[in-house]
Amino acid sequence: MLNKKVLLLFGLIFLLFLACNSSKVKNENSVYVMIYDYENKPVKGTSFFLDGKLLGQSDINGRFIFELNDTEKHTILLKHDDYEPVEDTVMYEKFLVLYYKVGNVTQLLNLAEKELDLKKYEKAMEFINRAEKIDSTREDVLYLKAVIYYKSKDYDNAKKEINKITITKENQKYISEFKKRIENEN
């Protein structure tokens with residue numbers, strides 16, 4: 001009796017899943033897009049452009065479905081205010097699934113810090129530059145960029161970055177100490 005109830009419950013869940021418009025693959029020309037961040041969380045509200053034309057936005061599960069019926073090469077652009085944009089090209093393929101990972105500033109900063117800890121300064125700089133493209137005004141981005149330059153022994157650029165940070169009562173001590181360290185290296 002319990003097994004029948006469990007099977008019925010799974011059957012109902014499966015039917016509910018199929019009924020969801022965002023998860024239903026309509027035909028072999030449907031392209032299924034999945035957009036996740038670096039914490040493997042779906043990114044809702046990502047605008048999806050095909051050849052410059054807005055087709056819609058990803059749903060609450062980070063998914064988007066569109067039709068592709070030709071053999072032409074198409075340009076895809078994914079845009080979200082809080083995440084880095086993604087550009088890609090795509091061509092028709094039966095039951096095509098596209099999977100994209102996008103990062104927000106905090107996630108990219110964390111990745112930069114991990115690379116910095118491993119003394120992989122070029123890779124750390126790649127992540128910090130990506131974070132800066134999303135929000136160039138965040139002082140934690142500027143500070144970490146200065147630290148990466150400093151650790152790379154590029155003291156002139158470290159000084160340029162640290163000078164972009166607005167001195168406040170809370171950060172004055174840390175910024176002035178860091179400036180002194182940079183000056184001592186020059």
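With respect to the conditions (1) touching a Phe, Trp or Tyr at 6+ places or on another chain (Cβ under 8 Å); (2) surrounded by fewer than 20 Cβ atoms within 10 Å (Cβ to Cβ); (3) modelled with pLDDT under 95, Glu115 falls short on a single one, namely (3). Is it true that Tyr92 is surrounded by 12 or more Cβ atoms within 10 Å (Cβ to Cβ), of a type outside the set (Asp, Glu) and touching a Gly at 6+ places or on another chain (Cβ under 7 Å)? Spelling it out, it is not the case that Tyr92 is surrounded by 12 or more Cβ atoms within 10 Å (Cβ to Cβ), of a type outside the set (Asp, Glu) and touching a Gly at 6+ places or on another chain (Cβ under 7 Å). Looking at the range 37-63 only, could you name the residues that are part of a strand (DSSP E or B), out of contact with any Lys or Arg (no Cβ under 6 Å at 6 or more places or on another chain) and within 17 Å of Glu84 (Cβ to Cβ)? Of everything in the range 37-63, those that are part of a strand (DSSP E or B), out of contact with any Lys or Arg (no Cβ under 6 Å at 6 or more places or on another chain) and within 17 Å of Glu84 (Cβ to Cβ) turn out to be Asp37, Pro42, Phe48, Phe49, Gln57.
When the range 86-111 is filtered for residues that are out of contact with any Asp or Glu (no Cβ under 8 Å at 6 or more places or on another chain) and in a helix (DSSP H, G or I), the ones remaining, listed by number, are Thr106, Asn110, Leu111. Check the range 146-154 and report whether any residue there is part of a loop (DSSP other than H, G, I, E, B), of a type outside the set (Asp, Glu) and under 22 Å from Asn186 (Cβ atoms). The answer is yes; a qualifying residue exists. Evaluation of Asp82 against the conditions (1) out of contact with any helix residue (DSSP H, G or I) (no Cβ under 9 Å at 6 or more places or on another chain); (2) of a type in the set (D, E, K, R); (3) modelled with pLDDT under 95 shows that the sole unmet condition is (1).
Of all residues in the range 131-153, those that are crowded, with 17+ Cβ neighbours inside 10 Å and not aliphatic (A, V, I, L, M) total 5. Among the listed residues Lys119, Lys114, which satisfies the condition of being of a type in the set (Lys, Arg) and part of a loop (DSSP other than H, G, I, E, B)? From the options Lys119, Lys114, the qualifying one is Lys119. Within this structure, Leu108 passes the test of being surrounded by 11 or more Cβ atoms within 10 Å (Cβ to Cβ), modelled with pLDDT of 95 or more, among the hydrophobic types (A, V, I, L, M, F, W, C) and under 30 Å from Thr168 (Cα atoms). Annotation: Phe66 fulfils all but one of (1) over 30 Å from Glu139 (Cα atoms); (2) of a type outside the set (Lys, Arg); (3) not in a strand (DSSP E or B); the unmet one is (3). As for the range 174-181, it holds at least one residue that is over 28 Å from the mean Cα position of the chain (by Cα), within 27 Å of Gln107 (Cβ to Cβ), among the aromatic types (Phe, Trp, Tyr) and outside the structural domain of Pro85 (by TED's automatic domain parsing).
The values are calculated or read from the model by the stated rules, or taken from the named source; none is laboratory data. Nothing here was measured: the structure is a model prediction, and the numbers come from that model. So basically every Cβ, Gly included, is an ideal-geometry build from the backbone, and we count neighbours across all protein chains shown.
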